1. Set the Förster distance to 22 Å, then compute FRET efficiency between K329 and N218 from the Cβ-Cβ distance, nearest 0.05.
2. Under 5 Å between amide hydrogens, which residues at least 5 positions from Q526 or on another chain qualify, with H placed 1.01 Å from N in the peptide plane?
3. What's the percent breakdown of Cα-Cα distances in the range 634-684 across 10 Å bins, shortest bin first?
4. Can you give the Kirkwood hydrodynamic radius for the range 605-697, in Å, rounded to one decimal and based on Cα pairs?
5. If you add up the charges near C231, with Lys and Arg at +1 and Asp and Glu at -1, over every other residue whose beta carbon is less than 13 angstrom from its beta carbon, what do you get?
6. Report relative contact order for the range 178-258 in percent, whole number only (criteria: Cα-Cα under 8 Å, sequence separation at least 6).
7. How do 144-156, 358-370, 551-563 rank on mean C-beta neighbours within 10 Å, highest first?
8. Which value, in debye to the nearest 20, describes the size of the charge dipole of the range 6-84 about its Cα centre when Lys and Arg Cβ atoms bear +1, Asp and Glu Cβ atoms bear -1, and nothing else is charged?
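The values are calculated or read from the model by the stated rules, or taken from the named source; none is laboratory data. Source: prediction; values computed, not measured. Cβ placement follows ideal geometry from the backbone for every residue including glycine, while neighbour counts extend to all protein chains displayed. The protein model used for the area step is the full one, side chains on, heavy atoms only, and it has no ligands, DNA or RNA in it. Shrake-Rupley method; radii C 1.70, N 1.55, O 1.52, S 1.80 Å.
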Amino acid sequence: AADIPVIDQAYSKLSNSITVEWRAVPGATNYMLTAQDGDSFVETILKNSPGTVTGLKPATLYRITVRAINSGGKGQPSPFRKVKTVLAAPILSVRSPSCDSIAVSWKAVHMAAGFSVSLMRSDGLGRMLKENTTNTSLIFTNLDPGTLYTIKAYAWNANGMPGDDFTYNQRTSPNAPVDVKVAFNSGALRAVVSWMPTEGALTYSVTVSRGLLKARCNTSSASCTVPSLQCSSEYYVSVTAYNDAGSSKPTDAVSLETIPCAPVNISIEEDEPGHLLVSWSSISFGHYYVVFVKSDDGLEVHCNTSHTQCHFQSDCGFTYFISVFAYNKAGQSPLGDVFNYTTAPCCPSDFRAVFTSSDTVRITWAPVRGADLYETRAAGGSGEVLCKDTATACTLSALQCNTAYNITVYSFSEARGSNTSCAPHYAATAPCSPEIKNISKEGLSVISVQWQSNNEEATYVVTARGEAGLWHCTSTGNSCTLMDLPCGSAFSVSAIARSPAGQSLPSYSVPLETAPCCPNDLILTQVTQSVTNISWSVGMGAQTYVTTLESPKGQAKCHTLQTYCLLGCITCGTNYTVSLRAISETGLTSSCTYQGYSSSACCPFGVKLYRLSNNGIRVFWQASDETINYNMDLRGSKGNFSCTPSSGLSHCDITEIPCGDVYTVVVAPVTDKGPKLTFCPKKIYSVTCSGSSVGMVIYRGKSNAKHI
């Protein structure tokens, strides 16, 4: 067996172990170190000195022995040494009750007479704080907030021997953040809260409270976004810093006033034409309001007010889009309902009324904004006439003539209805048509026309219309006279009434026919002693003619369709009065008087030829009137001879007449003008030669022959 070791020294530095130093034993390969406490012991195998036996109890007295071990086995234990383990380290409970203090506490340590606790910044900065105490707790104050400190504590016994120490790292709680700022995002109804980072803070918590409602936001950065805030609300915002030691005090609450809610109960009314009144309910936290009014032509106006209503100028026929916003220092309220308001359509302008007849008026006007439909009303007379149309024109018919009407054109729109403020326009219908009651002839080419009408302040124009032209007369009464109408013409007579309101429809036409015209030219030609031919020019409008020659001795008359007539039974040498009646197709008659006519003197009778000496011939006749001059014509192939004796003579001598020829003898009265009469009887005589100078004159006619 190995030799017995000798312990040089044994001591305890830790509460659960004792360290032993001994002298080496030759040949020993191992050593057994034993610590015995009463009946219990702890053994450990070691290679060499020094060695430490662990697993011991603190503040306990142990008997320490060492045995050497070699190949022969365990040797005898060394003489023992009594060694007491040091006190156990206090188990610290550490916290930071505030940002500048650390509280340390522990449970009592067996056999401890006192405790020593030291504190120092873990980064080595600053000085170390050390406290000795017999209590089981203490507080270090005036520390740096949010700073990591290292705390070491140990107990010592009555002899002042220190026991195990206990080390703990503790950070002070952070200080409350400073420079807290709240940025409100009005569009998203959220707030961004920011602050200066606090020393030692690991996280932050932002609390946003409104009454009993609270919202939190946790972050490790120096800002945090709080979403889903309510409009028209006041929130209180505080920030608390956190680390492993705890939390800071909350910052002083910062007031956050959110944007106001969109105004509600918006009403729009047109209190009078051209004025819009927009009103709404008051909104919490709304400091002032702005009303935007945009018309459909793009023009926008606004009103800024602290009240709950605004007035705007408006135009007819426009649609206005109206939105109301509330404002405070946080910003603008969200967009609420956008209202549209359409004003009544404008009243039609450029009104024009044109009467197309006495009972019909054509109304036109310029188109106006906002009008989908127009209604035209004409009130007057015994009723009202109505016309509706989408066009800017309307024809009102069945009106009463000679009547004043109030005509109003109203404009309609689907959105607003009728514009009832449109002013009426005065218009009067044209006069009523007159009714011709009588047409009478007052004289040559003078016609009186009478009519009936109930018009007031009307002027009447009567027109006679025919192929010959137009003739007019005018009157404000109920009759007028047409002058200088041509004869032989057919007319259509009508009347109209005129007033400042217009012209009536013409009356029904009444036919008028003037008497035929007397022929301008009338020629009488005596064909025979008892027959006269009368011819004349055409009389305008005449269909037949009646000519009459009248004398105390009798009358000759002819009725014909022609422009000439042969009148028989004319007495020669008689003065006649000449008259002609022109008769129209309808029986109208014009009596025409002409210059008197004298029939030619009567032809002589008893014409005889007597042979004179010297180859002469005497023509003898019996005159019907001694005051009449006669002309004798003797015509033959060897010559023509003529003789006109003095008044009262009834013969005529012709000398040197050639014999041996047949002669035609005519004795006719001499007329004052015109050609010779050719209707007196002709007698043929043959003058024969007898010897050198004597011949036989033979009368031939009607189978009679005479010779002289």
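1. Taking R0 as 22 Å, the efficiency between K329 and N218 is 0.20.
2. N533
3. Values per bin, smallest distances first: 21, 51, 26, 2.
4. Value: 13.6 Å, from the Cα pair sum.
5. 0
6. Relative contact order here is 30 percent.
7. Taking the mean over residues of other Cβ atoms within 10 Å, the ranking is 144-156, 358-370, 551-563.
8. Here the range 6-84 has a charge dipole of around 100 debye.
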